[in-house]
Amino acid sequence: MSFQGAYADMQPSDVVSTAMFRIGDFSRLAQVSVRTLRHYDELELLEPARVDDLTDYRYYSIEQLPQLHRIVALKDMGFSLKEIAELAQHDVELADLKDMLAQKQAEVSRKIAAEQARLKRLAASLEQLEQAETTPSYNVTLKKVSPCKVFSKRYTVPHLMEMNAYCSQFYNELYEVINTQNLNVIAPEFTLFHTDGFLLEDIDIEVCAVLDSESFDVLELPNDSSFSIHQVDGAKTVASIVFQGHYHDIPQVGDALILWAGNSGYHSVGAAREVHLSGPIVETGKADPVVIELQAPVAANPF
């Protein structure tokens, strides 16, 4: 018998009311697993339209498809089955449903932002590992540094990403005074980092020039409190690395210096120093290789 013949004498409304499907057929029709349908039945979220008393076969009606589709759609939006069950049990107003969807949208947006931040951290970690594989080894020496008198400018750099720009600006201001007053620099310039540990913002730095005694006698300080003349303390022991490269290599070399100190039983005890051995930073092109010495005052661990 054909399907057409079976329903020949029925009105459309009769067909709809008698269209019943066993759970397997309904599963295929709705593209939802039998296991999921049984689970929804246990939660009283979507119960069969009829259960055969003799065989316990579950039957679903065609009218239940929209209800099932709503459940699947809400679940796909991130609603829990408990939340969906509560929605099904109450006659939720359209405005309330819109509020719930808006809250869920905000929740999903927060999760996406958190996962994007996690992706960035993963990418940074992978980059660090790749750099570690290609990081050159550096020779670290221990030495003594004598105190010296300096003409300096001390300032707070707002953010680590602006460090190079601010250092260049500070040295330019320092040498403008030196050149205008015909002062004599007698040792490589250096930058002091007055920080304890890693800082991303508000980094206290000082750019320093060592002058001869006659220059200090005639030096006229600018009317700016960030400039000063003072004595920089020496250090009994500094861990030192001299390298040739570029200014953007400094963080990598600094990490190597810290790792060496820790592995060798030392800890830092004062301001780190960046000494420009190849000449003033204001005379160096950005693409030119430079010779830099990084110094970290250290002391032996007490254990």
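List the strands (runs of 3 or more DSSP E) that sit entirely inside region 179-295 and contain at least 3 residues that are of a type in the set (D, E, K, R).
The strands (runs of 3 or more DSSP E) meeting that bar are 201-209.
Is it the case that some residue within region 182-193 is over 20 Å from Q295 (Cα atoms) and of a type in the set (D, E, K, R)?
no
Would you mention how many residues in region 153-177 are open to solvent by less than 80 Å² (accessible area, probe 1.4 Å) and of a type in the set (K, R)? Steps first, please.
Filtering region 153-177 down to residues open to solvent by less than 80 Å² (accessible area, probe 1.4 Å) leaves 153, 156-160, 162-163, 165-168, 170-171, 173-175, 177.
Checking which are of a type in the set (K, R) leaves us with 153.
So the answer is 1.
Among the numbered conditions (1) of a type outside the set (S, T, N, Q); (2) within 24 Å of G234 (Cα to Cα); (3) within 33 Å of the chain's Cα centre (by Cα); (4) not in a strand (DSSP E or B), tell me where R154 comes up short.
So the condition that R154 fails would be (4).
Pairs please, first residue from region 174-185 and more than 12 Å from E220 (Cα to Cα), second anywhere and surrounded by fewer than 18 Cβ atoms within 10 Å (Cβ to Cβ), Cβ atoms under 6 Å, 6+ apart in sequence or on different chains.
Correct list of pairs: Y175/V282; N184/D212.
Just to check your reading of the model, which residue among R22, R58, R28, R35 is open to solvent by 100 Å² or more (accessible area, probe 1.4 Å), in contact with a Lys or Arg (Cβ under 9 Å, 6 or more places away or on another chain) and at pLDDT 85 or above?
On the way: R58 fails: open to solvent by 100 Å² or more (accessible area, probe 1.4 Å); R28 fails: in contact with a Lys or Arg (Cβ under 9 Å, 6 or more places away or on another chain); R35 fails: in contact with a Lys or Arg (Cβ under 9 Å, 6 or more places away or on another chain).
Within the list R22, R58, R28, R35, the selection yields R22.
Would you mention how many residues in region 268-299 are open to solvent by 70 Å² or more (accessible area, probe 1.4 Å) and under 17 Å from K236 (Cα atoms)? Full working, then the answer.
Taking region 268-299 and keeping what is open to solvent by 70 Å² or more (accessible area, probe 1.4 Å), we get 268-269, 277, 283, 286-289.
Subset that is under 17 Å from K236 (Cα atoms): 268-269.
Count: 2.
If a residue has to be of a type outside the set (A, V, I, L, M) and modelled with pLDDT under 85 to count, how many in region 264-303 make the cut?
Of the residues in that region, 7 qualify.
Using beta carbons and a limit of 8 Å, which pairs, at least six apart or on different chains, have the first residue in region 53-78 and under 24 Å from E107 (Cβ atoms) and the second one of a type in the set (D, E)?
L74/E83; G78/E107
Let's see how each residue does on (1) modelled with pLDDT of 80 or more; (2) open to solvent by 60 Å² or more (accessible area, probe 1.4 Å); (3) over 30 Å from E47 (Cβ atoms):
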site	(1), (2), (3)
D96	no, yes, no
S109	yes, yes, yes
K144	yes, yes, yes
F151	yes, no, yes
Q181	yes, no, yes
V185	yes, no, yes
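The values are calculated or read from the model by the stated rules, or taken from the named source; none is laboratory data. Keep in mind that what you see is a predicted model, and the values were worked out from it rather than measured. Heads up, the Cβs are rebuilt from the backbone with ideal geometry, glycines too, and the neighbour counts pull from every protein chain shown. Just the protein is used for accessible areas: all its heavy atoms, side chains included, with ligands, DNA and RNA removed. Shrake-Rupley method; radii C 1.70, N 1.55, O 1.52, S 1.80 Å.
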